[in-house]
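All remarks here apply to the structure that follows.
The values are calculated or read from the model by the stated rules, or taken from the named source; none is laboratory data. A quick note: this is a predicted structure, and the numbers were derived from the prediction, not measured. Here the Cβ positions follow ideal geometry from the backbone for every residue, glycine too, while neighbour counts run over all protein chains shown.
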Amino acid sequence: MGWQYQHQWWRDELGRLGIRQSMSRKGNCLDNAATEQVFGHLKDEFYRGREFDSYIVHWNTRRRQIRLEGRTPEEFRSMSLAV
């Protein structure tokens, strides 16, 4: 999927709205890996009956992440700002 975002009408509409389009290189799924990972988590976990706003609060304040050394994004940010 994603071919529809290459259509000239869509690209013109984004330009009219002042939105800069960004697409990965053809055939290289790793270009957008970080974003795809976030959406993967969202798809896996969002069905648990949460509204989107409460899920964002959960993600930032309660969901511990391996890449942040077991901290939540909020804890990691606070620690980074304290340095």
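Considering only residues in segment 49-83 that are at pLDDT below 85 and either touching a Phe, Trp or Tyr at 6+ places or on another chain (Cβ under 8 Å) or among the polar types (S, T, N, Q) (or both), the one that is surrounded by the most Cβ atoms within 10 Å (Cβ to Cβ) turns out to be 55. Considering (1) of a type outside the set (A, V, I, L, M, F, W, C); (2) at pLDDT 90 or above; (3) in a helix (DSSP H, G or I), the lone condition that residue 36 does not fulfil carries the number (2). Sub-7 Å Cβ pairs linking a first residue in segment 49-78 that is farther than 18 Å from residue 39 by Cβ and in a helix (DSSP H, G or I) to a second residue that is of a type in the set (Ser, Thr, Tyr) and modelled with pLDDT of 90 or more, at least 6 apart or interchain, are 61/72; 74/61, ordered by first then second residue. In segment 1-26, the qualifying residues are those that are of a type in the set (A, V, I, L, M, F, W, C) and in a loop (DSSP other than H, G, I, E, B), and the one that is nearest to the chain's Cα centre (by Cα) is 23.
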